[in-house]
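The values are calculated or read from the model by the stated rules, or taken from the named source; none is laboratory data. This is a predicted model, so every value here is computed, not measured. With ideal geometry, Cβ positions are generated from the backbone for all residues, glycine too; neighbour counts draw on all protein chains shown.
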Amino acid sequence: MKTPREITSELNQFYGSTTLYKHWLGLKYTDGIKYLAHEANCYWLLDAIASHQTKKLLSDPRLREFQIWHLRVKENSGILICEWDTNQEVLRQEIEYTDFPLSHIKLYLVEKVLMLTNEY
């Protein structure tokens, strides 16, 4: 497994995406997200974000178009947070245990496409 520093360095090399991949819950995701999910063994993160795309969350037109997702990890537990583009938290999920190798990752969900921030 790669170190957190190696993963972060390689994630920073993704700009845009030539291919979109389809998640089984309907989201699409980019090359950078595919790399993250594979290298960090975190396909569960895609599942979690996709599972929160409910009628209740998407009833706000601002969240239909653009969402900011943060995963913060400390001592093998985490918090998954969804925000509007105004940094206002709209959803929080406690994650009791995770082996996610990075202390923090920020992702964008833009018109149902999940991407790294530098792929936006």
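Which residue is nearest to Leu36 (Cα to Cα), if the candidates are limited to region 111-120 and must be surrounded by fewer than 18 Cβ atoms within 10 Å (Cβ to Cβ) and of a type outside the set (Ser, Thr, Tyr)?
So the residue we want is Asn118.
Taking the criterion of being more than 24 Å from Phe14 (Cβ to Cβ), at pLDDT below 95, outside any helix (DSSP H, G or I) and small (Gly, Ala, Ser), would at least one residue in region 52-61 satisfy it?
Yes, there is a match, as at least one residue in region 52-61 is more than 24 Å from Phe14 (Cβ to Cβ), at pLDDT below 95, outside any helix (DSSP H, G or I) and small (Gly, Ala, Ser).
Would region 65-76 turn up any residue that is among the charged types (D, E, K, R) and under 20 Å from Thr30 (Cα atoms)?
Among the residues of region 65-76, at least one is among the charged types (D, E, K, R) and under 20 Å from Thr30 (Cα atoms), which makes the answer yes.
Can you name the residue in region 24-66 that is under 20 Å from Gln93 (Cα atoms) and aromatic (Phe, Trp, Tyr) and, of all such residues, is farthest from the chain's Cα centre (by Cα)?
Phe66
Residue-wise test of (1) β-branched (Val, Ile, Thr); (2) surrounded by 14 or more Cβ atoms within 10 Å (Cβ to Cβ); (3) part of a helix (DSSP H, G or I).
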position: Trp69; (1), (2), (3): no, yes, no
position: Val73; (1), (2), (3): yes, yes, no
position: Ile81; (1), (2), (3): yes, yes, no
position: Asp85; (1), (2), (3): no, no, no
position: Gln93; (1), (2), (3): no, yes, no
position: Pro101; (1), (2), (3): no, yes, no
position: Leu109; (1), (2), (3): no, yes, no
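Count, please, the residues in region 18-37 that happen to be of a type in the set (Ser, Thr, Tyr) and touching a strand residue (DSSP E or B) at 6+ places or on another chain (Cβ under 7 Å).
Total meeting the criteria: 3.
One line per residue, one yes/no per condition, for (1) in contact with a Lys or Arg (Cβ under 8 Å, 6 or more places away or on another chain); (2) among the acidic types (Asp, Glu); (3) without any contact (Cβ under 8 Å) to a residue 60 or more places away in the chain:
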{"residue": "Gly26", "(1), (2), (3)": "yes, no, no"}
{"residue": "Leu36", "(1), (2), (3)": "no, no, no"}
{"residue": "Ala48", "(1), (2), (3)": "no, no, yes"}
{"residue": "Ile68", "(1), (2), (3)": "yes, no, yes"}
{"residue": "Gly78", "(1), (2), (3)": "yes, no, yes"}
{"residue": "Tyr97", "(1), (2), (3)": "no, no, yes"}
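Under the condition of being at pLDDT below 95 and in contact with a helix residue (DSSP H, G or I) (Cβ under 9 Å, 6 or more places away or on another chain), which residue from region 62-89 is farthest from Leu36 (Cα to Cα)?
That would be Thr86.
Examine region 38-61 for a residue that is surrounded by fewer than 13 Cβ atoms within 10 Å (Cβ to Cβ), farther than 21 Å from Glu6 by Cα and touching a Phe, Trp or Tyr at 6+ places or on another chain (Cβ under 7 Å), and state whether such a residue exists.
Within region 38-61, none of the residues are surrounded by fewer than 13 Cβ atoms within 10 Å (Cβ to Cβ), farther than 21 Å from Glu6 by Cα and touching a Phe, Trp or Tyr at 6+ places or on another chain (Cβ under 7 Å).
Suppose we filter region 20-42 for residues that are more than 20 Å from Phe66 (Cβ to Cβ) and either in a loop (DSSP other than H, G, I, E, B) or at pLDDT below 95 (or both); how many remain?
Looking only at that region, the number is 4.
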